[in-house]
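Notes to accompany the following structure.
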Amino acid sequence: MVTELARAASVTPHVVRHYTRIGLLKPFRNENNGYKLYNRNDLHRLMFIRRAKYLGYTLADIRGILDEARHGSSPCPHVRRIIQKRIEENRVKLAELARLQDRMEDALDEWRNLPDGMPDGNSVCYLIESMAELPDDGK
């Protein structure tokens, strides 16, 4: 049953139903009542999915990994490539976030002693409008 599998894997029944709906879990059907029946292999797979998500793999990544394994190929090289790519992407995002944090802190320092302004039809908030540096990146 969904609730038993969910409890055993420390997830919600909604997660089990979602993974079943998208084909990551493939329970058997009880011929008598049509209920979906999950077994130890489903629990093992669900725990694998949880571990992979914990490491940052997307459900699409996980589907690809499971497909490679199902076809008898080692997914390990693919797993390494994906995580290496994500590490590189995260480094870029972290650098961007650090630059944003610096800009925000600089702005707050500049604004600390400025009085509050009122919109006047030409100005919305002069604090933001006073920022001189804008990148020419089309954003």
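State which residue is nearest to the chain's Cα centre (by Cα) when the search covers only the stretch 56-83 and only residues that are assigned to a loop (DSSP other than H, G, I, E, B) and loosely packed, with under 12 Cβ neighbours inside 10 Å.
In this case the residue turns out to be S74.
Check whether at least one residue in the stretch 37-48 is over 30 Å from R86 (Cα atoms), touching a Phe, Trp or Tyr at 6+ places or on another chain (Cβ under 9 Å) and of a type in the set (A, V, I, L, M, F, W, C), and report yes or no.
Yes; the residues of the stretch 37-48 include at least one that is over 30 Å from R86 (Cα atoms), touching a Phe, Trp or Tyr at 6+ places or on another chain (Cβ under 9 Å) and of a type in the set (A, V, I, L, M, F, W, C).
Identify all residues within the stretch 38-60 that are under 18 Å from L5 (Cα atoms) and touching a residue at least 24 places away in the same chain (Cβ under 8 Å); write none if there are none.
Within the stretch 38-60, Y38, D42, L43, L46, M47, I49, R50 meet the criteria.
Tally the residues that are within 21 Å of V79 (Cβ to Cβ) and either acidic (D, E) or touching a Cys at 6+ places or on another chain (Cβ under 7 Å) (or both), restricting the search to the stretch 19-41.
Residues that pass the stated criteria total 0.
Does A95 meet the test of being under 19 Å from the mean Cα position of the chain (by Cα), among the small types (G, A, S) and farther than 23 Å from M1 by Cα?
Against the criterion (under 19 Å from the mean Cα position of the chain (by Cα), among the small types (G, A, S) and farther than 23 Å from M1 by Cα), A95 qualifies.
Identify, by number, the condition in (1) closer than 25 Å to H18 by Cβ; (2) modelled with pLDDT under 85 that F48 doesn't meet.
Of (1) closer than 25 Å to H18 by Cβ; (2) modelled with pLDDT under 85, only one is false for F48: (2).
Name every residue in the stretch 2-16 that is surrounded by 14 or more Cβ atoms within 10 Å (Cβ to Cβ) and farther than 15 Å from N41 by Cβ, in order of residue number.
V2, A6, V11, P13, V15
For R103, all conditions in the list (1) modelled with pLDDT of 95 or more; (2) farther than 29 Å from A6 by Cβ; (3) surrounded by 11 or more Cβ atoms within 10 Å (Cβ to Cβ); (4) among the basic types (K, R) hold save one; what is the number of the exception?
Of everything listed in (1) modelled with pLDDT of 95 or more; (2) farther than 29 Å from A6 by Cβ; (3) surrounded by 11 or more Cβ atoms within 10 Å (Cβ to Cβ); (4) among the basic types (K, R), R103 misses just condition (1).
Could you run through the stretch 43-55 and say how many residues are surrounded by fewer than 13 Cβ atoms within 10 Å (Cβ to Cβ) and either assigned to a loop (DSSP other than H, G, I, E, B) or touching a helix residue (DSSP H, G or I) at 6+ places or on another chain (Cβ under 8 Å) (or both)?
Going through the stretch 43-55 one residue at a time, the tally reaches 1.
Here's a check for you: in the stretch 12-28, which residue that is among the charged types (D, E, K, R) and within 21 Å of I65 (Cβ to Cβ) is nearest to the chain's Cα centre (by Cα)?
This residue is R21.
Within the stretch 109-116, is there a residue that is touching a helix residue (DSSP H, G or I) at 6+ places or on another chain (Cβ under 7 Å) and at negative phi?
yes
Could you go through the stretch 20-42 and let me know if any residue there is assigned by TED's automatic domain parsing to the domain that holds S130, among the acidic types (D, E) and either at pLDDT 95 or above or in a helix (DSSP H, G or I) (or both).
No, the stretch 20-42 has no match at all.
So for the stretch 126-133 (the condition being assigned by TED's automatic domain parsing to the domain that holds A9, at pLDDT below 95, among the aliphatic types (A, V, I, L, M) and part of a helix (DSSP H, G or I)), does at least one residue qualify?
no
The values are calculated or read from the model by the stated rules, or taken from the named source; none is laboratory data. Keep in mind that this is a model prediction, so the values were computed, not measured. No Cβ is skipped: glycine too gets one built from the backbone with ideal geometry, and neighbour counts run over all protein chains shown.
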